[in-house]
1. Identify all lysines with a Cα-Cα distance to residue 125 below 28 Å; exclude those on the same chain that are fewer than 8 residues away in sequence.
2. When we measure straight from the Cα of residue 75, which aspartates and glutamates land under 18 angstrom away, once same-chain ones fewer than 8 places off are left out?
3. Kyte-Doolittle mean at least 1.0 and Cα extent at least 20 Å along the axis: which DSSP H helices of the chain qualify?
4. Can you tell me what share of the DSSP beta bridges in the chain is antiparallel? A percent to the nearest 5 is fine.
5. May I ask you to derive the FRET efficiency for residue 237 and residue 30 from their Cβ-Cβ distance with R0 = 45 Å, giving the value to the nearest 0.05?
6. Taking the Cβ of residue 130 as the centre, find all other residues whose Cβ is under 11 Å away and add up their charges (Lys, Arg: +1; Asp, Glu: -1).
7. If Rh is defined by the Kirkwood formula over all Cα pairs and Rg also comes from Cα, what ratio Rg/Rh do you get for segment 107-187?
8. Let's see if you can work this out: charge +1 on each Lys and Arg Cβ, -1 on each Asp and Glu Cβ, no other charges. What is the dipole magnitude of the chain about its Cα centre, in debye to the nearest 20?
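What follows draws every value from the coordinates through simple rules; no lab data is involved. What you see is a predicted model; the values in this text were computed from it and never measured. Don't worry about glycine lacking a Cβ; one is built from the backbone with ideal geometry, like all the others, and counts go over all protein chains shown.
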Amino acid sequence: MSFHYVRNKLHEFHQQWYDLIEKSDFSITTFLAFGAVLQLLSFTLLPPRVSLLVPLTWLGYRIIISAFRTRDVGKSCFTDVVKGMHITQMPESSDGIVVFILGARFNHPFGKLAPGMVGLDIDYKPLWREAEKNREKWGFLGRTMTLVDTSDNEGTTNIWISYWKDVKGLHSFATCAEHRVVWDGYKGGKYPYIGIFHELYHVPKGSMEAIYGDFPKYGLGAVKFPRSGTKDQGEVEEVLVQNWKGSNSYARMRRTK
C-alpha cells in the first residue's frame, strides 16, 4: 500500500465527513451540556488535577494564540481578506449570469443525525464535484459554502448559492446521473425528514453589481469563467477587479442610467 494511495483515501474521507458535525447543528446550551458530560467523565476516569488541567490548558492555548495573532492581523490570520474596494466585472463575452439558490431544511429534532440524513450527505456531495469537473460543459461558475438560517428556531435550514453562465447549462447539470440519484432518492422517500426549495434568477448583462471592501473573495466575487478555446481546458478567468474612484452602481453595471 503506497503513501499516495493512503493520502488519497484520507483526502476522500475528509471531503466526505469533514462537516458531519458543525457549529450550526446544535444550540450553545447543547454544546455546553456536551462539555459538562465530558468533564464529568474525565473526573470519573482521570485524577482530579489532570481532569482540570486539560480544559484549562486548552483555554489558555486559545487565549495565547488569539493574543499572538492580534499583533499581525492580515498575515498571521485573516489572510484571505482582499484589501481595498473591489467590484465584479464580467467578461465581455458574457451576456448575463444565472443565480441558483438551493435550500434544504432538516425537519427533525435530531437534525443532521435524523434517519436518512447521512445517506443524503453521501449522495449530495458528488453533485458539486461533478459541477467542478464540468465547468465548461455546464457553465458552472462557482458557489458559496453552506449558509445557515440563524432565525430557524426549530429546524436547521441550509442554503447554497451557485452561479452559472446560462439556464441551459444548469438544466443540463440537472440531468446528470449524480443529480438523478439525489432526486430519485428524495421522491422515493429515502430522506423522509428533508424539506427542499430552490430559486432561479437569470440576470442579464448590465443588471448586476457586487462590491467588496476588505472582504474575502465571496459569492459573485469568487466566480470563475472558463476560458473557451484555450489549450488548457482547466483555465479560468476571475471577475474581481479594483474599484475606481467616483464609481457608482450604474457605472459598475456599465449603465448610464
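1. 9, 23, 112, 133, 137, 165, 168, 187, 190, 217, 224
2. 214
3. On the way: long enough: 3-17 (21 Å, -1.37); 28-45 (26 Å, 1.83); 48-69 (32 Å, 0.91); 117-133 (25 Å, -0.62).
Membrane-span-like by this rule: 28-45.
4. Details: 36 of 37 bridges.
So the antiparallel bridges in the chain amount to around 95 percent.
5. Result of the calculation: an efficiency of 0.50.
6. On the way: positive: 125, 129, 133, 135, 137; negative: 132, 178.
Around residue 130, the surrounding residues sum to +3.
7. Working: Rg = 14.2 Å, Rh = 14.1 Å.
That ratio equals 1.01.
8. Numbers: 32 positive and 26 negative charges, 117 e Å.
Dipole size: approximately 560 debye.
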